[in-house]
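The values are calculated or read from the model by the stated rules, or taken from the named source; none is laboratory data. Because the structure is predicted, anything quoted here is derived from the model rather than measured. No Cβ is skipped: glycine too gets one built from the backbone with ideal geometry, and neighbour counts run over all protein chains shown.
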Amino acid sequence: MAFSVVFHHDATDPLAVISAPPPNESSHERAAREEREAEAQRISDLIDDEIRAERAIRKKEEGIVKILLLGQSESGKSTTLKNFRMRFARDRWIEERASWRAVILLNLVRSANTILDALSREMDNVDPDEQDDAFKFDDYYRQYKVRLTPLQVVESNLKRLLGATEDIQPRKQISPTIAPCGSPEFFVRSRTWRNFIQTTRGTESPRHSCQQDLPILLDSTDVIANGKDDIKALWRDSHIQAMLWRRKTRLEDSAGFFLDSIDRLSVRDYEPTDDDVLRARLRTLDIQEHDLIVDDKTDAPKWKIFDVGGSRTQRHAWLPYFDQVNAVIFLAPISCFDERLLEDPRINRLEDSFILWKAICSSKLLSRTVLILFLNKMDILEEKIRNGVTVKRYLPSYGDRPNETNDVVKYLRQKFKDTVRYCSPEPRVCHIYPTSVIDTKNMSVTLISVRDGILREYLKRADLF
Ligand SMILES: Nc1nc2c(ncn2[C@@H]2O[C@H](COP(=O)(O)OP(=O)(O)OP(=O)(O)O)[C@@H](O)[C@H]2O)c(=O)[nH]1
Ligand SMILES: [Mg+2]
């Protein structure tokens, strides 16, 4: 039944006058007006719903400390997150440890295949800048290549199992710096990886992945076990080491760790250890979120840590997190003073870290955010300096200071500190830690100090507002 709306309006109320229908409105005009009003009401209800939902999220997130891990690719962000999870979400960590077996085997096989690729190029004399006096690899070495060919199939099988995709094509070296020459990096989308972990979790035997993956893992293990003596011989061969160095072949930071552990990794009942998982390299794509309980007190806030991808193409995804985090942990791998970015070989990696750090310190959105800086990969820095690499050659501003680890750390620490001082929109404290995030013993002390520092600041600010 049709009905008419009668507007009673008070002529003294200005709002009532504005909202009153025009006098002498035709039925057509009235229908159009009512349609417009209904649409306006629908939009208004939608906005109300959104505000309510946002309020609900804010309410839920009250009392959550949010931490953002930032830094260039391979700076150690995901490894830092693993340290937090290992320390503060131990049960989940242990549950998931077995799922890393495929990644660890893939890391190992990729390193072996990278060495074999470099050997092939050397033997085929592909590169025009070949030196005449270089050691000539003869048929003795060709045998290794033939016998280790099955490793290529193992690499493809493991990648398929993980849903891994190859990404950055390495380019040729353009300066006397450690070159990004090696096999392309692979990544696993976090959704695929989560599915992988979920299917491997809660199976009858936690020491293996789920039943359908087991044959691939065991076949891969058998092939690696068959070739392990050849792989070890190649890895320990001084001519191969010299060739890798001369060709500036890029092996991952954990390559040596896994190649040296090949006997332990290539047995059928191998179970990844904490150290193995920390060393496993899986490039981050997408943003990964992890919830932690870092303090057992009932009223202590929960933590949410965001781990992001650090390569240049992924940095645009950082920004939306800037206005919601309480602390940023920035990873600067200071051992990289002689390396160049994989994604842009024109850029020195230490310089890239400085540029990023400057942008973070200057950001207005982060002006109230606690800043924590890890001067990371101290162990690699020490090794480089022990092997006689001179910092001044790559960092002329270092001048004639002693080529010693402590002096280099002191110098760089001051540089990063100066950036905080001169670029921050308002005065702030920044906590700086020299770290090797693969060193679990020292990291457990650092994590407690970082946790206490962040909580102290969080509570101080909660009191202010
Ligand atoms: N030796 C040594 N290796 C490290 C250290 N920190 C990280 N690594 C290794 O460096 C590699 C890269 O570390 P990740 O934590 O994956 O780096 P990321 O910053 O998350 O990189 P993206 O995900 O690409 O942004 C891994 O193989 C780590 O085991 C360190 O202090 N010392
Ligand atoms: Mg990562």
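Here are the numbers for this structure:
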quantity: Set 285, 251, 265, 278: member being closer than 17 Å to residue 97 by Cβ, aliphatic (A, V, I, L, M) and within 13 Å of ligand 1 (Cβ to nearest atom); calculated: 278
quantity: Unmet criterion (only one of (1) outside any loop (DSSP other than H, G, I, E, B); (2) surrounded by 23 or more Cβ atoms within 10 Å (Cβ to Cβ)) for residue 351; calculated: (2)
quantity: Helices (runs of 4 or more DSSP H) (entirely within the range 12-92) containing at least 1 residues that are modelled with pLDDT of 85 or more and away from ligand 1 (no atom under 16 Å from the Cβ); calculated: 27-61, 77-88
quantity: Residue among 450, 420 that alone is within 16 Å of ligand 1 (Cβ to nearest atom), assigned to a helix (DSSP H, G or I) and either of a type in the set (Val, Ile, Thr) or modelled with pLDDT of 95 or more (or both); calculated: 450
quantity: Residue within the range 290-301 that is within 16 Å of ligand 2 (Cβ to nearest atom), surrounded by 20 or more Cβ atoms within 10 Å (Cβ to Cβ) and in contact (Cβ under 8 Å) with a residue 60 or more places away in the chain present; calculated: no
quantity: Any chance residue 254 is within 16 Å of ligand 2 (Cβ to nearest atom) and outside the structural domain of residue 450 (by TED's automatic domain parsing); calculated: yes
quantity: Which listed residue, of 450, 437, is touching a residue at least 40 places away in the same chain (Cβ under 8 Å) and closer than 21 Å to residue 368 by Cα; calculated: 450
quantity: Close pairs from the range 138-164: first within 21 Å of residue 283 (Cβ to Cβ), partner of a type in the set (D, E, K, R) and assigned to a helix (DSSP H, G or I), Cβ under 8 Å, at least 6 apart; calculated: 154/219; 155/110; 157/219
quantity: Count of residues meeting criterion [in contact with a strand residue (DSSP E or B) (Cβ under 7 Å, 6 or more places away or on another chain) and away from ligand 1 (no atom under 16 Å from the Cβ)] in the range 423-447; calculated: 3
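A quick yes/no check of all residues on (1) of a type in the set (Lys, Arg); (2) under 27 Å from residue 452 (Cβ atoms):
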position	(1), (2)
316	no, no
346	yes, no
350	no, no
356	no, yes
